[in-house]
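Structure, as structure tokens:
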Amino acid sequence: MADFQQRDPGSPAFWDERFERSFTPWDAGGVPQALRDFAAASAPLVTLIPGCGSAYELAFLAGRGWDATAIDFSPAAVARGKRCAGAHAARVVEADFFQWRPDAPLQLIYERAFLCAMPRAMWPQVAARWAQLLAPGALLAGYFFFDDAPKGPPFGIDRARLEGLLQADFVCIADEAVSDSIPVFAGKERWMVWRRL
Ligand SMILES: C[S@@+](CC[C@H](N)C(=O)[O-])C[C@H]1O[C@@H](n2cnc3c(N)ncnc32)[C@H](O)[C@@H]1O
């Protein structure tokens, strides 16, 4: 790991280098259970998966008839995501989360290992963009990583800071332990659903 050239996780080149070298310790290798449970209990939603990486969730949701789009600003991640998405590859798009615009109003943004991929200084921008992309009643749902290690990624958050980021625009409607975490997140992530106010 010490010999990686790219050190700025705010740059696509950082993620390209890691995908190209198959160094992806955040990758769950499939669709996590809480998302499966959430989808089973929900009507299809117009969904965005920002920073999708391998985008396992895209094929899962699209296969259930959901209008889902996965975006990533790393060309290597997009190539990997398209391979994993199979018949739904066209729904994996190279785009920057802060620039991308939806064709139809979003009903759900799915979060996994995206906020924690960002330097902490960028978190207010992420939260503002979530709020901008979601109309009142729409949902932000996924996995939030709680940790205080100064170095990352992943950059963990604490509850007060997460609430500070979201409470002006969202209310938390679900907050649950996660049973199938991969080692890098084990014991430190929770499944949460936030509704846009
Ligand atoms: C830690 S990986 C997580 C990938 C995937 N969500 C997962 O759970 O496996 C973070 C991903 O976010 C992407 N990313 C970071 N900043 C981004 C941005 N501004 N716009 C789009 N993608 C971004 C990276 O390229 C990388 O693929």
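Each residue, ARG64 and ASP175, gets one label point 7 Å from its Cα in the Cβ direction; the gap between the two is 2.4 nm.
Over all alpha-carbon pairs in the stretch 106-176, figure out the percentage whose distance exceeds 16 Å. Of all Cα-Cα distances in the stretch 106-176, 46 percent exceed 16 Å. For the stretch 85-138, the percent of C-alpha pairs falling in each 5 Å distance bin, counted from 0 to the bin holding the largest distance, reads 4, 14, 23, 28, 18, 10, 3, 0.
Using the Cβ-Cβ distance between ASP96 and ARG161 with R0 set to 22 Å, the FRET efficiency works out to roughly 0.40. For the chain, the solvent-accessible area works out to 47 Å² per residue, with a probe of 1.4 Å and every protein chain left in place. Its relative contact order, with pairs defined as Cα atoms under 8 Å and 6+ residues apart, puts the chain at 19 percent. On the basis of the beta-carbon distance and an R0 of 45 Å, ASP103 and ASP3 show a calculated FRET efficiency of 0.60. Across PRO44, PRO102, PRO12, mean-square fluctuation computed from a Gaussian network of the chain (C-alpha pairs under 10 Å connected) peaks at PRO102.
Give me the percent of accessible area attributable to carbon and sulfur for the stretch 1-109, probe 1.4 angstrom.
50 percent
Averaging Cα coordinates gives a centre for the stretch 17-34 and one for the stretch 41-95; these two points are 14 Å apart. The convex hull around the C-alpha trace of the stretch 1-150, projected and averaged over every direction, spans 9.0 square nanometres.
The values are calculated or read from the model by the stated rules, or taken from the named source; none is laboratory data. Please read these numbers as outputs of a predicted model, since none were measured by experiment. Cβ: placed from backbone, ideal geometry, glycine included. Neighbour counts: every protein chain shown. What goes into the accessible areas is simple: the full protein's heavy atoms, side chains included, and nothing from ligands, DNA or RNA. Shrake-Rupley method; radii C 1.70, N 1.55, O 1.52, S 1.80 Å.
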